[in-house]
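Take a look at the structure set out below.
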Amino acid sequence: MAAIGWAGALALAGCGGGTTASSNPPAPCPRISILADGADLTRFRPGAGQDLAAMTADARLVGFNARCDYTRRREGVAVTLSAVFDVERGPAATGNVANLPFFIAVTDAEDTQVIDRQDFVARVTFDTNVNRQRVQSAAVTLTFPAEERLVENHNVRLSFQLTPEELALNRRRGPR
């Protein structure tokens, strides 16, 4: 199976970017999506139960920014993406920082095999008297070999890294 590399990157635009000349088609992109069961993260004060008064943070993975470009000499395709979160500081929060653990996984076209997976943490710092904000994670770059149709035959999935209890809560309450 082809190796897929990871590296940090800079700002993002839209998927399918790259060349502009009509003789050079744009770089291909994999299918990128957010896992429905992993799109919400609600954290509570330890040992306090799942009550609103015990909530420390409530976050939603609401989108992503992605761009696909050929690497130099067109030997590969670089897929650069960042996750976008809506975050609310809960009434039981102590301090002004929330850490949002999430992962990016690359799977085959049928979603039957995870080829690569990396874990990340988006750190959110709330200003004084601000309880809600939208934040974007640092950009991540995945590099795929430029072999014919290889990139399009992969899925890239984004999700919060959830505990079994957090996943059960998401499944119980359904999509928001």
Residues of region 127-140 being at pLDDT below 95 and either under 15 Å from Ser159 (Cα atoms) or of a type outside the set (D, E, K, R) (or both), which ones?
Thr128, Asn129, Val130, Asn131
Which pairs turn up if I take residues in region 104-133 that are of a type in the set (Gly, Ala, Ser) and assigned to a loop (DSSP other than H, G, I, E, B) and look for partners that are at pLDDT below 95 and surrounded by 13 or more Cβ atoms within 10 Å (Cβ to Cβ) with beta carbon separation below 6 Å, at least 6 apart in sequence or on another chain?
Ala109/Asn153
When the residues of region 71-98 are narrowed to those that are within 22 Å of Glu152 (Cβ to Cβ), surrounded by fewer than 18 Cβ atoms within 10 Å (Cβ to Cβ) and not basic (Lys, Arg), which ends up farthest from the chain's Cα centre (by Cα)?
Glu75
I'd like the full set of residues that are hydrophobic (A, V, I, L, M, F, W, C), touching a residue at least 40 places away in the same chain (Cβ under 8 Å) and either surrounded by fewer than 19 Cβ atoms within 10 Å (Cβ to Cβ) or assigned to a helix (DSSP H, G or I) (or both), limited to region 40-62.
Ala48, Val62
Subset of region 115-125, residues among the hydrophobic types (A, V, I, L, M, F, W, C) and either on the phi > 0 side of the Ramachandran plot or at pLDDT below 95 (or both), comes to Ile115
Could you say which residue among Arg89, Arg60, Arg72, Arg43 is basic (Lys, Arg) and within 30 Å of Ala146 (Cα to Cα)?
Arg72
Taking into account only those residues within region 118-145 that are among the hydrophobic types (A, V, I, L, M, F, W, C) and open to solvent by less than 40 Å² (accessible area, probe 1.4 Å), which is farthest from Ser33 (Cα to Cα)?
Phe126
In region 146-176, which residues are more than 26 Å from Gln50 (Cα to Cα) and either open to solvent by 30 Å² or more (accessible area, probe 1.4 Å) or outside any strand (DSSP E or B) (or both)?
Ala146, Glu147, Glu148, Arg149, Leu150, Val151, Glu152, Asn153, Arg157
Does Ala36 satisfy the criteria of being at pLDDT 90 or above, surrounded by fewer than 16 Cβ atoms within 10 Å (Cβ to Cβ) and among the small types (Gly, Ala, Ser)?
yes
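Would you point out the residue of region 104-117, among those that are open to solvent by 70 Å² or more (accessible area, probe 1.4 Å) and charged (D, E, K, R), that is nearest to Ala57 (Cα to Cα)?
Step one: list which residues in region 104-117 are open to solvent by 70 Å² or more (accessible area, probe 1.4 Å), which gives 110-114, 117.
Filter once more, keeping what is charged (D, E, K, R): 110-111, 117.
Numbers: Glu110: 34, Asp111: 31, Arg117: 25 Å.
Top of the filtered list is Arg117.
The values are calculated or read from the model by the stated rules, or taken from the named source; none is laboratory data. Note that this is a predicted model, so its numbers are computed, not measured. All Cβ positions, even for glycine, are placed from backbone atoms using ideal geometry, and neighbour counts span all protein chains on display. When the accessible area is computed, the model is the full protein with side chains, heavy atoms only, and any ligands, DNA or RNA have been set aside. Shrake-Rupley method; radii C 1.70, N 1.55, O 1.52, S 1.80 Å.
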